[in-house]
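Please read the structure below before turning to the comments.
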Amino acid sequence: MVHVLVTMKDNPNEPEALAEYKRRATAIRDGYGAELVLRMNVGERLVGALAEESIRLLRFPSADHVRGWLNDPRYLEIIPLREKGYERVTVTILEDIS
């Protein structure tokens with residue numbers, strides 16, 4: 001299992017694109033065995049700067065599943081919706097350091 005950190009900042013001017021992206025991307029993502037572990041909005045910033053407003057922690061069966069999701073032709077087709085619906089998005093595979 002691997003964990004993936006997704007950070008994002010919605011584009012308030014494109015709610016329709018955002019809604020359509022979320023609907024389609026979630027279905028594709030879940031087809032790769034993704035599980036939503038944590039869904040949170042950024043609260044009080046105490047130190048440093050974070051442009052994103054929302055954070056998701058996902059769990060996938062493997063890093064190859066994550067890459068498969070992001071390289072799926074159906075996902076590649078909706079990247080323009082993602083770029084309209086969000087001002088910023090990052091997707092990062094996390095590594096266990098314990």
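Remarks
- Odd one out for ASN41 among (1) over 24 Å from PRO12 (Cβ atoms); (2) surrounded by fewer than 11 Cβ atoms within 10 Å (Cβ to Cβ); (3) touching a strand residue (DSSP E or B) at 6+ places or on another chain (Cβ under 9 Å): (1)
- Residue tally, condition more than 16 Å from PRO80 (Cβ to Cβ), hydrophobic (A, V, I, L, M, F, W, C) and either crowded, with 16+ Cβ neighbours inside 10 Å or touching a residue at least 24 places away in the same chain (Cβ under 8 Å) (or both), over region 9-37: 2
- Condition met for GLU44 (in a helix (DSSP H, G or I) and over 13 Å from the mean Cα position of the chain (by Cα)): no
- One residue from LEU58, LEU38, LEU50, LEU70 being assigned to a loop (DSSP other than H, G, I, E, B) and not charged (D, E, K, R): LEU50
- Where a residue in region 85-98 is surrounded by 11 or more Cβ atoms within 10 Å (Cβ to Cβ) and its partner, wherever it lies, is of a type in the set (Gly, Ala, Ser) and not in a loop (DSSP other than H, G, I, E, B), with Cβ under 6 Å and at least six apart: GLY85/ALA17; ILE93/ALA63
Values quoted throughout were computed directly from the atomic coordinates according to the rules given, and no laboratory measurement underlies them. Since this is a predicted model, take the numbers as computed values, not measurements. Positions of Cβ are generated from backbone atoms using ideal geometry, with glycine treated the same way; all protein chains shown enter the neighbour counts.
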